[in-house]
Amino acid sequence: MSNIGSYEERSKNFDWSISEKKLDYKDGDAINIGWYCSDRICQMGKANKTALIWEGLGGVEKEYTFNDIRLRSNSIASFLKEQGINNEDRVCLFMDKIPELYIGFLGVLKLGAIAQPLFSAFGDESLFVRLDNAKTKAIITQKKHVKKVRKIVNQMPYLERIIIVDYDGKHPLREREISFNMDEAEKVESFDCFPTKAESPSVLHYTSGTTGQPKGVKHVHYSLISQYLTSKWVLDLKDDDIYWCTADPGWVTGTSYGIIGPWSLGITQCVLDTGFSAESWYKFIEKRGVTVWYSAPTAIRSLMKAGDELVKEFDLTSLRHLASVGEPLNAEAVIWSDKVFGKSFLDTYWQTETGSIMLTNFPGMKIKPGSMGKPFPGVTATVLDVETLEPITEIGKAGLIGFKPDWPALMRGFWANEETYKKKFKNGWYLPGDRASIDSDGYYWFIGRDDDVINTAGHLVSPFEVESALLEHESVAESAVVAKPDDVNMEVVKAFVTIKPGYTADKDLELKIMNFIRKKLSPLAMPQEIEYVDSLPKTRSGKIMRRVLHAQEWGEEVGDLSTLEND
Ligand code: WTA
């Protein structure tokens, strides 16, 4: 029997107080996610239960009980306090998927500070724009990433502390740098968590838009109410589960469902901190006895590519529930997973701004492969007419997804960008910026994004950020960046550039430019192809028309070109 039982029953008279009651929370109480994910679980008698099973490169393993994560997050919180970090200060977590990232996240929240997790593969430029926007006071990082921080530190007078979790004493620490070893630090038996309230800020995740710099999506401690219940009903987490969320906490899935959801339910989770290979993933599931697996379409397509025979080499019978998020999950992937694992991946739809799962397939519900399923109980969803922004009544007609902005985990703002935040709400609806249709059974079908953001392997990349970085390369005069179709990653970044006189448009330059972007931004943002052109399509006012290039890449009709300058 699944935790949700009957979707129809649960949807009738739904109230978020169901979740509040389970968490013993009443309106006006203090609510601190760090405490809920560790101290409370210990108080409930699970202090000695395993919270985290971690495996890194070369088969290194570590395990932590709920009491271990309670004590260590206390140590981190007290250390930060000693360093002069206060509630609501921004503390960036810039680490690989190591235990310090997961436990440090709780420590930052216990202090009442705002956790700002950033993907550790980010280059110095990507890191700088995000720290600069938040005026981050401290960054917790590893030796291997400190170089990137050092490169930009002089531009960041507000960054008071650079905390290195694996300092080995080999090279002297520089100004503002300090060592903190989580496992060796003195255990702090009790730490008075900052009495954050429902609306106190908790997490700041950065997401990319079409225009402007990335936006800092501000969440609050009350988001726990959504994250707890969706983990219970959608991920179907139960006390004896071994749960594996493959997402990196540098992105929202890795925090909402890779830390907060499972730990607030007292669930054992495991983390594999190595690169992707189908073999190592199957081996991990077999070795750890993973029961619930939350992953992403690109990973599933990569596993499909590795073939059915490989699956048979492993005992994967522990798996009982699979779910996916981040990009459209194609019907073939759903059917394939049912064939090889005996279970279908259930598609879930949500985004950084929504904080928790919004549209989803539930365990026990009839699955229509290729569909995102139905709204989570308590979520009022619709598709809106693009022009009038009124709900569409015609079955199957495409429109903009709209949600009534009233669920607990909805973002509370974009950091220092109120104007853009306001634009996300229209006519009483929150607009995630995606298009979909609803069929006669109430199932949602994804159509596409309503902007130019590139979704590569489930990660959003802003064409604007890549275009700006390209212009910083000495050879590039103009640039336009669009998505190009890809079998596995769904989309990859493609750049069109015009180059300055004196440079030769050849393979060598292409590789140099690619590498430049990889280092500055990230491997995800690196164009997989650079096409040299003599000129870029522009409107009469000089704006580059990405849609012309996009249509060309996807073999689609270009549409109205009347505003095009150079046709
Ligand atoms: C896309 C990730 C189709 C969508 C949790 C959304 C999806 C963006 C799905 C959010 C899905 C997410 N089917 N598209 N099941 N899930 N998306 O903020 O465009 O990194 O707006 O959050 O990914 O990406 P984000």
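The values are calculated or read from the model by the stated rules, or taken from the named source; none is laboratory data. These figures come from a predicted structure and were not determined experimentally. In this analysis, Cβ positions are derived from the backbone assuming ideal geometry, glycine residues included, and neighbour counts consider all displayed protein chains.
I'd like the full set of residues that are within 25 Å of Asp239 (Cα to Cα) and more than 6 Å from the ligand (Cβ to nearest atom), limited to region 320-336.
Arg320, His321, Leu322, Ala323, Ser324
Inspect all residues belonging to region 444-456 and state whether any of them is farther than 23 Å from Glu327 by Cα, buried (at least 23 other Cβ atoms within 10 Å of the Cβ) and not acidic (Asp, Glu).
no
Can you pull out the residues in region 486-504 that are under 29 Å from Gly458 (Cα atoms) and surrounded by 19 or more Cβ atoms within 10 Å (Cβ to Cβ)?
Asn489, Met490, Glu491, Val492, Val493, Lys494, Ala495, Phe496, Val497 - these are the residues of region 486-504 that are under 29 Å from Gly458 (Cα atoms) and surrounded by 19 or more Cβ atoms within 10 Å (Cβ to Cβ).
List pairs: first in region 45-65 and modelled with pLDDT of 95 or more and in a helix (DSSP H, G or I), second crowded, with 18+ Cβ neighbours inside 10 Å and not hydrophobic (A, V, I, L, M, F, W, C), Cβ under 9 Å, 6+ apart or cross-chain?
Note: pairs meeting the criteria are Lys46/Thr65; Lys46/Asn67; Lys46/Gly266.
Has region 421-431 got at least one residue that is in a loop (DSSP other than H, G, I, E, B), in contact (Cβ under 8 Å) with a residue 24 or more places away in the chain and within 12 Å of the ligand (Cβ to nearest atom)?
Yes - at least one qualifying residue is present in region 421-431.
I need the full set of residues from region 400-420 which are closer than 29 Å to Asp132 by Cα, among the aliphatic types (A, V, I, L, M) and within 15 Å of the ligand (Cβ to nearest atom), in order please.
Result: Ala409, Leu410, Met411.
If you check Leu389 against the conditions, is it surrounded by fewer than 22 Cβ atoms within 10 Å (Cβ to Cβ), within 12 Å of the ligand (Cβ to nearest atom) and within 30 Å of Leu229 (Cβ to Cβ)?
No; evaluated as a whole, the condition is false for this residue.
Answer yes or no: is there a residue in region 137-151 that is free of Cβ contacts under 8 Å to residues at least 40 places away in the same chain and among the hydrophobic types (A, V, I, L, M, F, W, C).
Yes, that holds for at least one residue.
For region 504-534, enumerate the residues that are without any contact (Cβ under 8 Å) to a residue 40 or more places away in the chain and either assigned by TED's automatic domain parsing to the domain that holds Lys148 or among the hydroxyl-bearing types (Ser, Thr, Tyr) (or both).
Thr504, Tyr532
For residues that are assigned to a strand (DSSP E or B) and charged (D, E, K, R), scanning just region 432-443, find the one that is surrounded by the fewest Cβ atoms within 10 Å (Cβ to Cβ).
Arg435
Out of the residues in region 362-375 that are surrounded by fewer than 20 Cβ atoms within 10 Å (Cβ to Cβ) and small (Gly, Ala, Ser), state the one that is nearest to the ligand (Cβ to nearest atom).
Per the stated criteria, the residue is Gly370.
Among the numbered criteria (1) crowded, with 17+ Cβ neighbours inside 10 Å; (2) more than 16 Å from the ligand (Cβ to nearest atom); (3) not in a strand (DSSP E or B), which single criterion is violated by Val481?
Just one mismatch for Val481, condition (3).
Within the bounds of region 525-541, is there any residue that is β-branched (Val, Ile, Thr) and in a helix (DSSP H, G or I)?
Checked against the condition, which is being β-branched (Val, Ile, Thr) and in a helix (DSSP H, G or I), region 525-541 yields no hits at all.
The conditions are (1) within 15 Å of the ligand (Cβ to nearest atom); (2) without any contact (Cβ under 8 Å) to a residue 60 or more places away in the chain, and Met490 fails exactly one of them. Which is it?
(2)
Quick test for you: out of Leu384, Leu359, Leu400, pick the one residue that is surrounded by fewer than 21 Cβ atoms within 10 Å (Cβ to Cβ) and modelled with pLDDT of 95 or more.
Details: Leu359 fails: surrounded by fewer than 21 Cβ atoms within 10 Å (Cβ to Cβ); Leu400 fails: surrounded by fewer than 21 Cβ atoms within 10 Å (Cβ to Cβ).
After ruling out the rest, the residue left standing is Leu384.
Conditions tested, residue by residue: (1) under 28 Å from Glu8 (Cβ atoms); (2) touching a residue at least 60 places away in the same chain (Cβ under 8 Å); (3) touching a Cys at 6+ places or on another chain (Cβ under 9 Å).
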| site | (1), (2), (3) |
| --- | --- |
| Asp315 | no, no, no |
| Ser324 | yes, no, no |
| Glu332 | no, no, no |
| Trp336 | no, no, no |
| Val340 | no, no, no |
| Thr348 | yes, yes, no |
| Thr352 | no, yes, no |
| Asn361 | yes, no, no |
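Can you tell me which of Lys538, Lys543, Lys519, Lys507 is surrounded by 13 or more Cβ atoms within 10 Å (Cβ to Cβ), of a type in the set (Lys, Arg) and more than 26 Å from Gly326 (Cβ to Cβ)? Even if it seems obvious, please write down each step before you answer.
Details: Lys543 fails: surrounded by 13 or more Cβ atoms within 10 Å (Cβ to Cβ); Lys519 fails: more than 26 Å from Gly326 (Cβ to Cβ); Lys507 fails: surrounded by 13 or more Cβ atoms within 10 Å (Cβ to Cβ).
Testing whether each residue is surrounded by 13 or more Cβ atoms within 10 Å (Cβ to Cβ), of a type in the set (Lys, Arg) and more than 26 Å from Gly326 (Cβ to Cβ) leaves just Lys538.
For Glu82, all conditions in the list (1) buried (at least 20 other Cβ atoms within 10 Å of the Cβ); (2) under 16 Å from Phe180 (Cβ atoms) hold save one; what is the number of the exception?
(1)
Condition check ((1) more than 12 Å from the ligand (Cβ to nearest atom); (2) closer than 20 Å to Leu549 by Cα) across all residues:
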site	(1), (2)
Asp450	no, yes
Ile454	no, yes
Glu474	yes, no
Lys494	yes, yes
Ile499	yes, yes
Met514	yes, yes
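In region 1-44, how many are closer than 24 Å to Ala77 by Cα and outside any loop (DSSP other than H, G, I, E, B)?
Adding up the residues that qualify gives 12.
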